[in-house]
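Participant: Shown below is the structure under consideration.
The values are calculated or read from the model by the stated rules, or taken from the named source; none is laboratory data. Nothing here was measured: the structure is a model prediction, and the numbers come from that model. Cβ coordinates were reconstructed from backbone atoms using ideal geometry, including for glycine residues, and neighbour counts include every protein chain displayed. Side chains are part of the model used for accessible areas, which takes the heavy atoms of the whole protein and leaves out ligands, DNA and RNA. Shrake-Rupley method; radii C 1.70, N 1.55, O 1.52, S 1.80 Å.
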Amino acid sequence: NQTVEPYLENFITEALVAELSRSRLVEITENPDLADLRLTGTVDDFKSRAKAYSSVDDITAYTATMKVTSRLVRNADKETLWKGRLSRSEDYQAAVNKNLQLEGERLAARVVSRRLAEDIYAQLLNNF
């Protein structure tokens, strides 16, 4: 995680494990040395920006955007078989209560993580 936002790497990892676990083409191992391939990545950026305003110029909605870089490497010779940079966004509502707004941002980050996991899996399937 290259951002100041905590837990983003956990959100994307959990989403990727869930996505890959549903596949019959992939077997996940906890020991990376036993794997033929290794999927790694970084969360490069996470921004939350105002998207909509009320008639009195109060922010009413935000857009959360996450950018990630993923890499599939063959363990035997460390060759990179695939590398992709992906980005996804999700809107969430502004709230007067700061804790509610932060929860909305966190939920948006989880949705974005699930969509990025789907995109990464689709890219892997399309390239092999």
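Participant: Give the residue, chosen from ALA117, ALA76, that is touching a residue at least 24 places away in the same chain (Cβ under 8 Å) and open to solvent by less than 30 Å² (accessible area, probe 1.4 Å).
Facilitator: Just a single option satisfies the conditions, and that option is ALA117.
Participant: Consider THR65 against the criteria (1) more than 14 Å from the chain's Cα centre (by Cα); (2) among the polar types (S, T, N, Q); (3) more than 22 Å from ASN126 (Cα to Cα): it satisfies all of them except one. Which criterion is unmet?
Facilitator: Among (1) more than 14 Å from the chain's Cα centre (by Cα); (2) among the polar types (S, T, N, Q); (3) more than 22 Å from ASN126 (Cα to Cα), THR65 violates only (1).
Participant: Can you tell me which residue is surrounded by the most Cβ atoms within 10 Å (Cβ to Cβ) among those in the stretch 4-39 that are β-branched (Val, Ile, Thr) and at pLDDT 95 or above?
Facilitator: So, considering only residues that are β-branched (Val, Ile, Thr) and at pLDDT 95 or above, the one surrounded by the most Cβ atoms within 10 Å (Cβ to Cβ) is ILE12.
Participant: Which pairs turn up if I take residues in the stretch 11-28 that are under 18 Å from ARG110 (Cα atoms) and look for partners that are polar (S, T, N, Q) and at pLDDT 95 or above with beta carbon separation below 7 Å, at least 6 apart in sequence or on another chain?
Facilitator: If the second residue must be polar (S, T, N, Q) and at pLDDT 95 or above, the pairs left are PHE11/SER113; ILE12/SER113; ALA15/SER113.
Participant: Okay, moving on. Of ARG106, ARG71, which residue is out of contact with any helix residue (DSSP H, G or I) (no Cβ under 6 Å at 6 or more places or on another chain), closer than 23 Å to PHE128 by Cβ and open to solvent by 30 Å² or more (accessible area, probe 1.4 Å)?
Facilitator: Just one listed residue meets the conditions, ARG71.
Participant: Out of ASP45, ASP57, which single residue is surrounded by fewer than 17 Cβ atoms within 10 Å (Cβ to Cβ) and within 15 Å of GLU5 (Cα to Cα)?
Facilitator: On the way: ASP57 fails: within 15 Å of GLU5 (Cα to Cα).
So the residue among ASP45, ASP57 that is surrounded by fewer than 17 Cβ atoms within 10 Å (Cβ to Cβ) and within 15 Å of GLU5 (Cα to Cα) is ASP45.
Participant: Also, quick follow-up: So which of LEU86, LEU125 is under 25 Å from PRO32 (Cα atoms) and open to solvent by less than 70 Å² (accessible area, probe 1.4 Å)?
Facilitator: Result of the check over LEU86, LEU125: LEU86.
Participant: Kindly indicate whether any position in the stretch 5-24 is over 25 Å from LEU125 (Cβ atoms) and out of contact with any Phe, Trp or Tyr (no Cβ under 7 Å at 6 or more places or on another chain).
Facilitator: yes
Participant: Surrounded by fewer than 15 Cβ atoms within 10 Å (Cβ to Cβ) and either touching a residue at least 24 places away in the same chain (Cβ under 8 Å) or within 19 Å of TYR7 (Cβ to Cβ) (or both), is that true of ASN97?
Facilitator: no
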